[in-house]
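A short worksheet on the structure shown next.
The values are calculated or read from the model by the stated rules, or taken from the named source; none is laboratory data. Here the structure is a predicted model, which means the values were calculated and not measured. Positions of Cβ are generated from backbone atoms using ideal geometry, with glycine treated the same way; all protein chains shown enter the neighbour counts.
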Amino acid sequence: MISISAFTLDFKKLNVYHYFWITALLILTLGVYFHNLPDNTLDINIHDTYFVIEHLHAAILLTLFYFLNGIGYWLVEKVLKKKLLNVLTIIHCIILFGSFISYWLVFIYSKLFLSNPFPLFDNYDLINKTLLLSFLLIFFIGLPIYFINLLIGIFRKSSS
């Protein structure tokens, strides 16, 4: 339990949807914070085509994604009063939160320890590979697990 004067937070009382909503707020906060930095774009190179996305736009998209994941869990658990499979929920959370944490670890590592003597060449290769791997992991494993878990929860008998 964390206690800061009048603010008390007990992590055992938080449900899975709270974690998704907290992460969504964290992503939006980081996106707004990094919005005014000189290098505030996400550059994705696919063969000879560059996709340049502003950090704030990517943050808004990811915030919406995490918020909607939380809404799905909230609807099944609180509104429909159904029980989800804990194993699938844990796997889904590990994939989504692990992707978020691994991106930021790689981002911080590349900014702190990878330097290039040529100033016009950036070190985004490692970051782009991490983003691609995270996207594939979320899209092909995380989302199907999420939808299967929600469907099982919806069609399951009510929890007592």
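If you take the residues in region 10-42 that are loosely packed, with under 12 Cβ neighbours inside 10 Å and not charged (D, E, K, R), which one is modelled with the lowest pLDDT? Among those residues, the one meeting the criterion is Phe11. Would region 89-104 turn up any residue that is over 22 Å from Leu28 (Cα atoms) and at pLDDT below 85? Scanning region 89-104, I find no residue that is over 22 Å from Leu28 (Cα atoms) and at pLDDT below 85, so the answer is no. Of the residues making up region 105-128, those that are modelled with pLDDT of 85 or more and not aliphatic (A, V, I, L, M) number 1.
Kindly indicate the residue of region 43-60 that is of a type in the set (Asp, Glu) and modelled with pLDDT of 80 or more and also nearest to Phe97 (Cα to Cα) among those meeting that condition. Let's see the steps before the verdict.
Step one: filter region 43-60 for residues of a type in the set (Asp, Glu), giving 43, 48, 54.
Among the residues that remain, those that are also modelled with pLDDT of 80 or more are: 48, 54.
Working: Asp48: 31, Glu54: 22 Å.
Result: Glu54.
One residue alone among Leu96, Leu136 is in contact with a Gly (Cβ under 6 Å, 6 or more places away or on another chain) and either surrounded by fewer than 16 Cβ atoms within 10 Å (Cβ to Cβ) or within 26 Å of Gly153 (Cβ to Cβ) (or both), and that residue is Leu96.
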